[in-house]
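Asker: Have a look at the structure that comes next, please.
Please treat every number below as a calculation from the coordinates, not as lab data. As the structure is a prediction and not an experimental result, all values here were calculated from the model. When we count neighbours, we look across all protein chains shown, and the Cβ atoms used for this are built from the backbone with ideal geometry, even at glycine.
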Amino acid sequence: MTATVPHSDVLLKVLGAPHRTELITSLFRLTEALLERDATVQIWACGDATGLTRASLGMAKPADVTDRARTFPSTAALARDLIRKNDGRLRWYVCRFCARDRGHAEQIDEVKTRPAARFWEHVTAADQMIVMGVC
Amino acid sequence: MDYLLIESGGPAEGPGAVRFIADATALAGQGASVALVLIQNGVAGAVAGTMTGLEDFVGRGGQLWIDEFSVRQRALDRGDLISGARVTGMGDLADALLTPGVRAVWH
């Protein structure tokens, strides 16, 4: 029954608003550290975290009016680059219900939306799981 | 390692952090191998005199890890932290998470 979800060493389920705490920084830091150790990782974004990879973010953050010469990547760009760079070892899933409920239905191409009722498949496909944050 | 417990809120988040540390202390007291990782605002709890229970956790054999990045973000100095704390990186957390059989909780 888990054929649709490839095995992963770690499942990181992330919830919570992107800018309330450093949670998303921790998510990216931990994901990178795991990938540097050749682990396979899947991220399940739920709640407000579905906004991290919404297409409307674009690839860069809005211009910094105090330093227009510099650009900074959006979270969607960070996720896209991590997924592309790691050649199938990072898979990023977005809860369809939470995304639609928040107007985040349009996501970047590199992530997959999944129905909430299939979350159990992701749990059973992972050797380890932690839940980061709350809705 | 039996348990990897990660506290991200610290004293500012109310009594939940203290209770989480009490759980870690209870597990350590029962002989389990426990690493308690303080990260994000959780590192504020490791400043001496800030949060009760951490000395007891270390005294019962628990491993207290403090996230270096979070310490630097808050301009804390290692000398500010309680004795027995070990400043670690995200790589240490990743290694622990990949240890077979470890039970991990992010709070």
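Asker: Restricting to chain A, what percent of DSSP beta bridges are antiparallel, rounded to 5?
Answerer: 10
Asker: A further question follows. Using a 10 angstrom cutoff on alpha carbons, build the Gaussian network for chain A and name the most mobile of A:122, A:19, A:104.
Answerer: A:19
Asker: Can you give the extra length, in nm with one decimal, that the chain gains between residue A:124 and residue A:102 once fully stretched, where that is 0.36 nm per residue apart less the Cα-Cα distance? Before the final figure, lay out the partial values.
Answerer: On the way: separation 22, 0.36 × 22 = 7.92 nm, distance 2.72 nm.
Working it through step by step, the gained length comes to 5.2 nm.
Asker: Could you give the dipole magnitude of region A:6-107 about its Cα centre, charging the beta-carbon of Lys and Arg +1 and that of Asp and Glu -1, in debye to the nearest 20?
Answerer: Here region A:6-107 has a charge dipole of around 220 debye.
Asker: I need the shape label for chain B. Rule: rounded when a/c is under 1.5, else prolate if a/b > b/c, else oblate, with a, b, c from the alpha carbon gyration tensor.
Answerer: Verdict is oblate for chain B.
Asker: Could I ask something else about it? Which is farthest toward the positive dipole end of the protein assembly as shown among A:133, A:76, B:8, measuring Cα position about the Cα centre, with Cβ charges +1 (Lys, Arg) and -1 (Asp, Glu)?
Answerer: Going by the charge dipole, the pick is A:76.
Asker: For chain A, rounded, prolate or oblate, judged on the Cα gyration tensor with a ≥ b ≥ c (square roots of eigenvalues), a/c < 1.5 rounded, else prolate if a/b > b/c?
Answerer: Prolate.
Asker: Largest first and in whole Å, what are the equivalent-ellipsoid semi-axes of the protein assembly as shown based on the Cα gyration tensor, each being the root of 5 times an eigenvalue?
Answerer: The three semi-axes for the protein assembly as shown are 31, 22, 16 Å.
Asker: Right, here's the next one. Quote the charge dipole size of region B:3-99 about the Cα centre in Debye, to the nearest 20; the model charges only the Cβ of Lys and Arg (+1) and of Asp and Glu (-1).
Answerer: So the dipole magnitude of region B:3-99 works out to roughly 60 debye.
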